[in-house]
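Here's the structure, in structure tokens; my notes come after.
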Amino acid sequence: MTEVASLRVEDLKVYFPKKPRPIRAVDGLSLILHPGETLGLVGESGCGKSTTARAMVGLAPVTSGEVSLIHASLRETHRGRPSLGFRRKVQMVFQDPYASLDPRNTVGQILAEPLEIHRLARGRDKLLRSVELMLQVGLDPRFLNRYPHEFSGGQRQRIGIARALAMGPEFLLLDEPISALDVSIQAQILNLLQELQSELGLAYLFIAHDLSVVRHLCDRVAVMYLGRIVEMAAKHQLFENPRHPYTQALLSAVPIPDPVLEEARQRQVLLGEPPSPERVPKGCAFAERCPKVTERCRIETPNLEERAAGHGVACFESA
């Protein structure tokens, strides 16, 4: 088996056609996911996080740019519909465990379908693999003949994770996998994901709104605003020394579990709403809400540049 070096996204753009101008959901995004790491992708609703993940696995149309699996001696790239080989290595777990499973199929059929499509197992081997997957995510294999509506939300998400693991992937794209679950169940799913990563050596792209979960789970964090990454750094760098004004505002909104410190601290409150992806302004998209805005920000678009080792920022005024 050829060792996978990384999953790379280069200048990815996803534009949805609409008159008089297209909706720029993802507008020139680049990132790299290393083996075994967890990269968090955060930002406000509508900034393009889920569209990025869907485009990476071919579920959203790619306008330009490319997604590549970089092997030790092979580079496999797709700009639209990925090959079966690519899909075996890169799988996705969806946000809604109710909508992501076919209600007409049993759990056994749901887990067997990818094995059939990719011709990885037949007959008894297919059943044995399904049993193995159920045990791997903490479910009783006797439930294979049940339908999705017979399970709780947390159990359904475990089934979704099992389906993603069926082909032995190396990268999982996790699109807010716990946001639709109760808090107590969220902790169980997070523990399961950490156990699977340790056991199987998986790499995760973890999309989330909850920055406390991101801080707990992720190795690196990318902050997204209106289709572009505005800051990317190792977890400790980003949380201890955020450099982009948008990142600073996001972290300022996270409550501190100490009433004295919470009351004493100054919050950075952003004014206004993000621009529409249909009408992205000239220059920096964050300019109208930024406390550090200058005339240059309204004219030029800042690129993501490294300001310290491994700490990239897309801002002219960041220290």
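Details
- In the context of the full set of protein chains, the chain has a per residue accessible area of 49 Å² (1.4 Å probe).
- Lys, Arg +1 and Asp, Glu -1 on Cβ, resulting dipole of region 4-115 about Cα centre, debye, nearest 20: 420
- For region 189-303, averaging the sequence separation of C-alpha pairs within contact (under 8 Å, six or more residues apart) and dividing by the residue count gives a relative contact order of 16 percent.
- Converting phi to 3J(HN,Hα) with the Karplus coefficients 6.51, -1.76 and 1.60 and the offset θ = phi - 60°, region 203-215 yields 10, 10, 9, 9, 8, 7, 9, 7, 5, 5, 5, 4, 5 Hz in sequence order, with x at every glycine or proline.
- Accessible surface of the chain, 1.4 Å probe, proportion on carbon and sulfur as whole %: 50
- Label-point separation in nm, LEU120 to TYR98, each point 7 Å along Cα→Cβ: 2.9
- Charged-residue dipole, Cβ positions (Lys, Arg, Asp, Glu), region 143-184 about Cα centre, Debye nearest 20: 200
- Peptides 300-308, 157-165, 29-37, 119-127 ranked from most to least packed by the mean count of surrounding Cβ atoms within 10 Å: 157-165, 29-37, 300-308, 119-127.
- Cross-linked pairs LYS19/LYS49; LYS19/LYS282; LYS235/LYS292; LYS13/LYS282: Cα-Cα separations exceed 21 Å for LYS19/LYS49; LYS235/LYS292.
- The relative contact order of the chain comes to 20 percent, based on Cα pairs under 8 Å that sit 6 or more residues apart.
- Cα gyration tensor shape of region 216-274, rounded if a/c is under 1.5, else prolate or oblate by comparing a/b with b/c: oblate
- Region 242-319: C-alpha gyration tensor shape, a/c 1.5 cut-off, then a/b vs b/c: oblate
- Cα-Cα pairs of region 75-138 separated by more than 18 Å (percent): 49
- Ordering of 84-97, 131-144 by burial proxy (mean other Cβ atoms within 10 Å per residue, highest first): 84-97, 131-144
- ILE229 long-range amide H proximity, modeled H, under 5 Å: SER30
- Under 12 Å, Cβ to Cβ, from PRO61 - net charge with Lys/Arg +1 and Asp/Glu -1: +4
- Rounded if a/c under 1.5, otherwise prolate or oblate - region 1-119, Cα gyration tensor axes: oblate
- Taking N as its residue count, the alpha carbon Rg of the chain over 2.2 N^0.38 Å: 1.05
The values are calculated or read from the model by the stated rules, or taken from the named source; none is laboratory data. The shown structure was predicted, so the numbers you read here are calculated from the model rather than taken from an experiment. So basically every Cβ, Gly included, is an ideal-geometry build from the backbone, and we count neighbours across all protein chains shown. Note: areas computed on protein heavy atoms with side chains; ligands, DNA, RNA excluded. Shrake-Rupley method; radii C 1.70, N 1.55, O 1.52, S 1.80 Å.
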